[in-house]
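The values are calculated or read from the model by the stated rules, or taken from the named source; none is laboratory data. Fair warning: this is a prediction, and the values are worked out from it, not measured in the lab. As a convention, Cβ positions derive from the backbone with ideal geometry for all residues, glycine included, and neighbour counts pool all protein chains shown. Heavy atoms of the whole protein, side chains included, go into the accessibility calculation; ligands, DNA and RNA do not. Shrake-Rupley method; radii C 1.70, N 1.55, O 1.52, S 1.80 Å.
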Amino acid sequence: MRRSDREVTDPKQIRDIIDRCTCCRLGFWDGQEVYILPLNFGYEEANGKRVFYFHSAKEGRKIDLIAKAPRVGFELDTNYKLNEAETACGHSARFQSVIGTGTVRFVTEEDERRKALCSLMQHNTGRADWAFTPEMLNAVAVYRLDVETLSAKEHA
């Protein structure tokens with residue numbers, strides 16, 4: 001990171017930034033171009049490992065890319081505010097962001113699918129005590145991003 005004075009290394013602060021984000025952007029490389037898409041997400045940390053959970057329709061370009069090219073980059077950001085100045089070059093922006101890389105894979109086991117969907121709902125609603133019927137669990141594709149690298153940045 002070029003601006004090490006803006007780097008966030010405290011795990012609790014990184015978690016706080018992620019908790020305040022509403023969108024995780026995944027970037028896939030299909031061999032010819034980058035395909036970036038915004039997704040809502042759930043997030044878990046266990047044994048020093050970070051995992052993002054997602055869900056979507058069972059068909060489409062993203063599903064094909066997960067099967068074919070599961071290495072991704074990701075980005076989340078929050079707390080943006082323009083800091084205005086008298087001159088154009090005096091303007092700056094306040095923000096917090098997290099970027100990284102990892103591997104996406106489908107979640108096929110029923111208990112983990114349920115856990116993933118509960119994590120998504122917890123992140124988006126603040127509630128984790130959701131019930132899912134087998135039909136609900138089977139209606140969507142569920143996948144996870146196992147984080148390999150992560151860095152966070154803040155500019156106040």
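Some notes on this structure:
- Beta carbons closer than 6 Å, at least 6 apart along the sequence or on distinct chains, pair a first residue in region 72-83 that is hydrophobic (A, V, I, L, M, F, W, C) with a second that is modelled with pLDDT under 95 and assigned to a strand (DSSP E or B) for Leu82/Ala93.
- Close contacts from region 128-156, counting a first residue that is more than 28 Å from Phe95 (Cβ to Cβ) and a second that is open to solvent by 40 Å² or more (accessible area, probe 1.4 Å) and assigned to a strand (DSSP E or B), with Cβ to Cβ under 6 Å and a gap of 6+ residues or different chains, come to Val140/His55; Val142/His55.
- In the set Pro38, Pro11, only one residue is under 17 Å from the mean Cα position of the chain (by Cα) and at pLDDT below 95; that residue is Pro11.
- Among all residues of region 108-128, there is none that is within 24 Å of Thr9 (Cα to Cα) and open to solvent by 60 Å² or more (accessible area, probe 1.4 Å).
- Region 44-58 residues that are closer than 17 Å to Ile17 by Cα and touching a residue at least 40 places away in the same chain (Cβ under 8 Å), paired with ones that are open to solvent by less than 60 Å² (accessible area, probe 1.4 Å) and hydrophobic (A, V, I, L, M, F, W, C) (beta carbon under 6 Å, 6 or more apart): Glu44/Val51; Arg50/Val147; Phe52/Cys24; Phe52/Phe41; Phe52/Leu145; Tyr53/Ala116; Tyr53/Leu120
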